[in-house]
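Here's the structure we're looking at; comments come further down.
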Amino acid sequence: MLIGGAMISERSFEVLRAIVQDYVSTREPVGSKALLDRHGFGVSSATIRNDMSILEEEGLIHAPHTSAGRVPTDSGYRLFVDRLNDLKQLSLAERQAMETLLSGSADLDEILGRSVRMLSQLTNQVAMVQYPTLGKAKVRGFELVPVTDTKVMVMLISDNGRIQQHVVDFGVNVELELLTRVRGHIIDLILGLPLSDVAKVTTKLPEAFEARDHQFVESVVLNLLDQVDANRQDKLVLAGTANLVRSEIDFGGNVSPLLDAIEEQVVLLRLISEMEADSNGVSLLIGSENHIEGLSQTSVLVSGYGAVDEPLAKVGVLGPTRMDYSTNISAVRAIARYLSKSLGV
């Protein structure tokens, strides 16, 4: 029987499934006796050994140099994941913890920060979340709020959930009437506009005011454009990097190349941006499927958050190929759903 491109029987696949589950759980290579003791296949040890030989011939398991047991290969993990029928659901305690930690978040920075920390706790992996990009965001609101006689808070609200604010000290008293007029002009120009178009419609705004007010209007516009530019920063928020050190044995005892790869956020961002979702709504690269140097012993698992047809960005985890795929897929999907709901998309 052809299963996932490999010529193995259904029972051989069940043996592969058991090897993956046991190796993920124990980190110990799995032998035929252990398989029979733990899973009771109802066949002889000779039959199990024959199934393991077939799996090895198909390149789905291999024997580490120092052990008589077998461990999954990248291809073995891939076949296992592709045939995952039942994803582990988060426990009631985990769901309650997630709802408690993530409730009450107000702005995008706080929402993403809490989400990535929660995902790391749920999976014991390095968690990462990508900021929504500028190109897809529009202006939801703009405010000028007097703080003192000379200080004004400039606030930009975008529909990707981000609220940015900066207090500007003008050094002279700011008239409330002027503040109201400038706010009204800017709102008329930019409300509902893509952030990428804000600069071109506000450049000549000072010309709509008397010369004595030009400096104030220019300062407000410059601050607004600085906040727009901050949205251009395509970046990742990471949490749980210490989990890599705890799994150092899975990386041959040296996590330095992996840490170097993670620090290259531009490369990592390009990788996850190119990953396409499968039937479970997630994207997964296992071991050698990664083309980035330093990630060849890792699995990268991400899901888009935002609209189903056009996600705003990606959230996911990175860790050793010996990871609990079922649990991690469920956790990533749960956080992605929360982010979509929190950002109102």
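Screening the stretch 309-334 for residues that are over 24 Å from Arg83 (Cβ atoms) and aliphatic (A, V, I, L, M) and picking the one that is modelled with the highest pLDDT gives Val315. Condition check: assigned to a helix (DSSP H, G or I), touching a Ser or Thr at 6+ places or on another chain (Cβ under 9 Å) and farther than 21 Å from Gln121 by Cβ. Does Ala261 satisfy that? Criteria met by Ala261.
Restricting Arg17, Arg95 to residues that are touching a Phe, Trp or Tyr at 6+ places or on another chain (Cβ under 9 Å) and under 23 Å from Gly281 (Cβ atoms) narrows the list to Arg17. On the stretch given as the stretch 159-205, residues that are among the polar types (S, T, N, Q) and more than 30 Å from the chain's Cα centre (by Cα) total 4.
Filtering the stretch 69-95 to residues that are assigned to a loop (DSSP other than H, G, I, E, B) and either under 22 Å from the mean Cα position of the chain (by Cα) or not small (Gly, Ala, Ser) (or both) leaves Thr73, Arg83, Leu84, Asn85, Asp86, Leu87, Lys88, Gln89, Leu90, Ser91. On inspection, Val198 qualifies as in contact with a helix residue (DSSP H, G or I) (Cβ under 6 Å, 6 or more places away or on another chain) and in contact (Cβ under 8 Å) with a residue 12 or more places away in the chain.
Of all the criteria given as (1) crowded, with 23+ Cβ neighbours inside 10 Å; (2) of a type in the set (Gly, Ala, Ser); (3) without any contact (Cβ under 8 Å) to a residue 24 or more places away in the chain, the one not satisfied by Ser296 is (1).
Here is a yes/no grid of residues against (1) among the β-branched types (Val, Ile, Thr); (2) at pLDDT 95 or above; (3) closer than 26 Å to Ala331 by Cα:
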{"residue": "Ile8", "(1), (2), (3)": "yes, no, no"}
{"residue": "Lys33", "(1), (2), (3)": "no, no, no"}
{"residue": "Gly40", "(1), (2), (3)": "no, no, no"}
{"residue": "His62", "(1), (2), (3)": "no, no, no"}
{"residue": "Arg70", "(1), (2), (3)": "no, no, no"}
{"residue": "Asp82", "(1), (2), (3)": "no, no, yes"}
{"residue": "Asn85", "(1), (2), (3)": "no, no, yes"}
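For the stretch 128-166, enumerate the residues that are at pLDDT below 85 and among the β-branched types (Val, Ile, Thr). Passing the criteria: Thr133, Ile163. Once the stretch 239-281 is narrowed to residues that are crowded, with 19+ Cβ neighbours inside 10 Å and β-branched (Val, Ile, Thr), the residue that is nearest to Val129 (Cα to Cα) is Ile272. Screening the stretch 19-48 for residues that are touching a residue at least 40 places away in the same chain (Cβ under 8 Å) and not hydroxyl-bearing (Ser, Thr, Tyr) and picking the one that is farthest from Asn124 (Cα to Cα) gives Val30. Among the numbered conditions (1) of a type outside the set (D, E, K, R); (2) more than 26 Å from Met118 (Cα to Cα); (3) assigned to a helix (DSSP H, G or I), the only one that Tyr23 does not meet is (2).
The values are calculated or read from the model by the stated rules, or taken from the named source; none is laboratory data. Here the structure is a predicted model, which is why all the values come from computation and not from measurement. Cβ: placed from backbone, ideal geometry, glycine included. Neighbour counts: every protein chain shown.
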